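Presented below is the structure to which this report refers.
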Amino acid sequence: PLRPTIDPTAVLSKLNANGDPQVKARARQLGTLWGDATANEQTLAVITDSHASIVERTTAIQSVRQLKSSVAREALLNLVAQDNPEPLVVVAIRALSEMDDETISGMLVARWKNFTPAERAAAADGLLSRGRWILALLAAIESKQISASELSAGAIQRLGQNQDAAIRKRAAQVIGRIRPATADKQK
């Protein structure tokens, strides 16, 4: 979204004063995308509010994923670290995967055993998104923190087809021979 060239505070205040909850939610989302401090605080509060609906919390996560701020990262890390509904954790993991911070890969590896299969799939996708994170995943497999059998066939294929020859070699040592998919399977 394009940030306004003038201060949006007056417009956002007017929208927030509206009695319609949908208008308020949209104003908060817009304010978050524009970098409004009040809207950011409200959005982060929705993420951590266990009384808010999953849809509201998911929308808030989608809004802060573009911020990539340390406060947003901490809110998402806390959401993943606590016992929350699976759909929220999956969305939070995907949002965290877009942030470049080494603590994220370590947290994903540390929480792996507590993740559901869907959360593990999202975590694997995130760990495979950055070279340093791939190394953390491979180290976790080597140390038996994560079992290679817990990775999807697609994740294993991505390791075997990585552009970095050292990663491909290490993956083959840790997981075993990784064969490319046949033409039938690719169809």
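Here are the numbers for this structure:
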read-out	value
Segment 1-121, accessible surface, carbon-and-sulfur percent (1.4 angstrom probe)	54
Net charge, VAL91 excluded, C-beta distance under 13 Å - Lys, Arg +1, Asp, Glu -1	-2
Dipole magnitude (debye, nearest 20) for the chain, charges at Cβ of Lys, Arg, Asp, Glu	800
Positive-end residue, the chain charge dipole about Cα centroid, Cβ charges, pick of GLY35, VAL89, GLY176	GLY176
Cβ-placed point charges (K, R +1; D, E -1), dipole of segment 59-100 about Cα centre in debye, nearest 20	140
Farthest positive-ward along the chain dipole, Cα basis, beta-carbon charges - from LEU77, ILE47, ASN16	LEU77
Computed Rg/Rh of segment 1-105, alpha carbon atoms with Kirkwood Rh	0.98
Surface accessible to a 1.4 Å probe, per residue, for the residues of the chain, Å²	57
Sparsely packed GluC sites (Glu not before Pro) within segment 4-103, loop by DSSP, other Cβ within 10 Å at most 15	GLU98
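The values are calculated or read from the model by the stated rules, or taken from the named source; none is laboratory data. Values in this document were obtained by computation on a predicted structure and should not be read as measured data. Every residue, glycine as well, gets a Cβ built from its backbone with ideal geometry; the counts of neighbours run over all protein chains shown. In case anyone asks, the SASA skips ligands and DNA or RNA and just uses the protein heavy atoms, side chains included. Shrake-Rupley method; radii C 1.70, N 1.55, O 1.52, S 1.80 Å.
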